[in-house]
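Novice: Mind looking over this structure? Questions follow.
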Amino acid sequence: MKKKVRTAVFPAAGLGTRFLPATKVIPKEMLALVDKPIIQYGVEEAIESGIEHVIIITGRGKGAMEDHFDHSFELDATLERRGKTELLEVSRHVATMARISYVRQKEPLGLGHAVLCAKELVGDEPFAVILPDDVIDAEVPCLKQMIDVFNEREGSVIATQTVEGPAISAYGVLAGSPDPKNPRIFNCTGMVEKPKLEDAPSKQAIIGRYVLTPRIFELLETTTPGAGGEIQLTDGIKALLKEEKVYGYTFEGKRFDAGDKFGMLQATVEFALKRPEFGEKFREYLKSLPL
Ligand code: UTP
């Protein structure tokens with residue numbers, strides 16, 4: 001019988017050096033996009049996609065995430081006493097929104113290693129990986145779109161976006177060909193990490209969402225460390241490709257790299273403009289700037 005995708009793994013043990021000095025003490029996953037930490041956007045996307053269990057891979061100094069998704073008795077009691085019912089609801093919602101487990105990655109040995117840390121908790125079933133830095137604004141949650149493809153095609157699915165020109169060199173890039181039946185699906189035959197423009201096998205750049213079969217765990221266990229002594233997830237997926245079908249999927253929606261200062265600025269402007277309570281005011285403010 002086909003197994004359902006019930007679990008999402010959030011690797012969040014990286015050092016976040018691109019966002020220093022903000023991330024010296026505060027985990028980058030806790031940086032606020034408007035008024036919510038970026039990891040909360042990912043957890044909400046997972047829940048809206050039917051995920052029942054969230055596993056966050058944490059590391060040293062990342063305790064704020066655990067506190068965030070927990071009850072804060074002092075805060076809740078104070079809000080209750082002051083009659084701030086709406087804010088109390090916001091605080092309680094965050095603590096109860098998901099079933100969350102935490103696994104500690106003791107050393108940042110790479111994204112592949114971080115995913116491998118979830119092996120025992122995931123067990124022998126397909127699962128999702130969400131990189132919390134990648135915040136995706138979509139009508140149908142990106143992960144839901146991917147799970148639909150996974151269920152239909154019965155193969156692992158990697159989220160991609162089409163990247164034109166030299167910017168492609170910042171991404172992992174898929175090799176293969178577009179699916180004849182569905183132009184959003186890409187039949188993947190290989191992948192290249194951060195290629196030069198002239199060496200890029202396609203314009204399909206990998207972004208931070210995956211739906212993977214549990215075979216990936218065994219393959220990651222035998223993956224030798226690559227660039228920078230890290231175990232790369234893409235090396236594990238390359239091995240998976242030799243045994244199983246892997247698809248790229250150009251999701252519908254817009255992705256922001258909130259782990260990067262410029263990406264965070266873009267996300268802040270666009271998410272703020274969408275907020276009913278001050279979107280109009282913010283639009284007027286932006287228009288008034290001497291740009
Ligand atoms: P990044 O490449 O964004 O690295 O990792 P980083 O260390 O978090 O950030 P910068 O580049 O120094 O600014 C991609 C994802 O993989 C996780 C990160 O937390 C991030 O979500 N990761 C990376 C781990 O969980 N463990 C690792 O060993 C490496």
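The values are calculated or read from the model by the stated rules, or taken from the named source; none is laboratory data. In this text the structure is predicted, and so the values were computed from the model without any measurement. Neighbour counts are summed over all protein chains in view; Cβ atoms, including those assigned to glycine, are modelled from backbone coordinates with ideal geometry. Quick note on the areas: whole protein, heavy atoms, side chains included, nothing else; ligands and nucleic acids left out. Shrake-Rupley method; radii C 1.70, N 1.55, O 1.52, S 1.80 Å.
Novice: Rounded if a/c is under 1.5, else prolate if a/b is larger than b/c, else oblate: which is region 152-245, with a ≥ b ≥ c the root eigenvalues of its Cα gyration tensor? Before the final figure, lay out the partial values.
Specialist: On the way: a/c = 2.12, a/b = 1.11, b/c = 1.91.
In terms of gyration-tensor shape, oblate.
Novice: Run the simple label-point estimate for ALA167 and VAL140 please: 7 Å along Cα→C-beta, distance reported in nm.
Specialist: A separation of 2.5 nm, rounded to one decimal place.
Novice: A follow-up question, please. Taking the simple approach of a point 7 Å from Cα along Cα-to-Cβ for both GLU152 and ASN187, what is their distance in nm?
Specialist: Placing both labels 7 Å beyond Cα along the Cβ direction yields 1.6 nm.
Novice: With the dipole of the chain worked out from charges on the C-beta (+1 for Lys and Arg, -1 for Asp and Glu) around the Cα centre, which of GLY59, PRO225, PRO195 lies farthest toward the positive end?
Specialist: Positive-end residue among those listed: PRO195.
Novice: What is the extension gain from LYS2 to GLU74, computed as 0.36 nm multiplied by their sequence separation minus the C-alpha to C-alpha distance, in nm to one decimal? Walk me through the numbers before you get to the answer.
Specialist: Details: separation 72, 0.36 × 72 = 25.92 nm, distance 4.50 nm.
Separation in residues times 0.36 nm, less the Cα-Cα distance, equals 21.4 nm.
Novice: Beyond a 22 Å Cα-Cα separation, which of these cross-linked pairs lie in this structure: LYS36/LYS62; LYS144/LYS242; LYS4/LYS144? Spell out each step's value before the answer.
Specialist: Working: LYS36/LYS62 16 Å; LYS144/LYS242 26 Å; LYS4/LYS144 12 Å.
Beyond 22 Å: LYS144/LYS242.
Novice: So what's the net charge close to ALA138: Lys and Arg +1, Asp and Glu -1, counting the other residues with Cβ under 14 Å from its Cβ? It would help to have the intermediate numbers written out before the result.
Specialist: Details: positive: LYS144, ARG184, ARG209, LYS254, ARG255, LYS274; negative: GLU44, GLU45, GLU48, ASP134, ASP137, GLU139, ASP148, GLU252, GLU270.
Net local charge, ALA138 excluded: -3.
Novice: Right, here's the next one. Where does the chain land at 222 nm, in deg cm²/dmol rounded to the nearest 500, when only DSSP H runs of n ≥ 4 count, each adding -39500 (n - 2.57), divided by all residues? Numbers along the way, then the final one.
Specialist: Values: 11 runs with 100 residues, N = 291.
For the chain, the value works out to -9500 deg cm²/dmol.
Novice: On to the next question. DSSP loop GluC sites (Glu not before Pro) in region 158-209 with at most 16 other Cβ atoms within 10 Å of their Cβ, which ones?
Specialist: Details: sites: GLU164, GLU193, GLU198; in loops: GLU164.
Here the GluC sites (Glu not before Pro) that fit, given the DSSP loop and packing criteria, are GLU164.
Novice: Follow-up question, since we're still on this one. Relative to the present Cα-Cα distance, how much length would full extension add between ILE100 and GLU52 at 0.36 nm per residue of separation? Display every interim value, and only then the final one.
Specialist: Details: separation 48, 0.36 × 48 = 17.28 nm, distance 0.90 nm.
Extra length from ILE100 to GLU52 when fully extended: 16.4 nm.
Novice: Per residue, how many Å² of accessible area does region 1-150 show with a 1.4 Å probe?
Specialist: Numbers: 7620 Å² over 150 residues.
Here the residues of region 1-150 average 51 Å² of exposed surface.
Novice: A follow-up question, please. Would you kindly state the longest site-free stretch of the chain, with sites defined as trypsin sites (Lys or Arg not before Pro) in a DSSP loop (not H, G, I, E, B) surrounded by at most 11 other Cβ atoms within 10 Å? Don't skip to the end; give the middle numbers.
Specialist: Details: sites that count: LYS2, LYS24, ARG82, LYS106, LYS181, LYS196, LYS242.
So the longest stretch without any such site is 107-180.
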